[in-house]
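A short reminder: the numbers here are calculations on the coordinates, not readings from a lab. Every value quoted in this text rests on a predicted model; they were computed, and no experiment measured them. Methodologically, a virtual Cβ is constructed for each residue, glycine included, from the backbone with ideal geometry; neighbour enumeration extends over all protein chains shown.
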Amino acid sequence: MKTDFYLLATYVQKIQLLAIRPHLDVIAGTGQWNFDLEDNDKVLRLHSSHSTKEKVIRFLKRNELFHKELHYLASEQFAHIGQVRPLSFYNQSKTNSYEIF
């Protein structure tokens with residue numbers, strides 16, 4: 001089964017995570033998703049098949065938590081579960097030193 005990386009904008013709040021976590025674990029699998037609730041879009045990062053993504057969207061819509069699917073740059077695909085790279089990796093200068101912000 002082919003898996004891809006998806007970003008979904010949601011309306012999920014921190015207090016709701018406890019309630020929806022078991023459902024997302026069943027639908028997408030434990031460790032195959034995470035939220036960035038600090039982002040304005042309350043982004044759900046999902047590593048799954050297309051059909052699983054559709055099931056997750058249906059679940060979020062039923063609970064009035066889905067906003068829209070987001071598109072991302074190829075370099076952003078590494079910022080998901082299991083392959084998180086530090087921001088400094090993308091800000092590496094030509095001299096191989098890292099820019100610190």
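Note on residue 62 and residue 2: with the Förster distance fixed at 30 Å, the Cβ-Cβ geometry gives a FRET efficiency of about 0.70. Classify segment 1-51 from the C-alpha gyration tensor, please: rounded if a/c falls under 1.5, else prolate or oblate depending on whether a/b exceeds b/c. Note, shape of segment 1-51 comes out oblate. Placing dummy labels 7 Å off each Cα toward the beta-carbon, the span from residue 54 to residue 14 is 3.6 nm.
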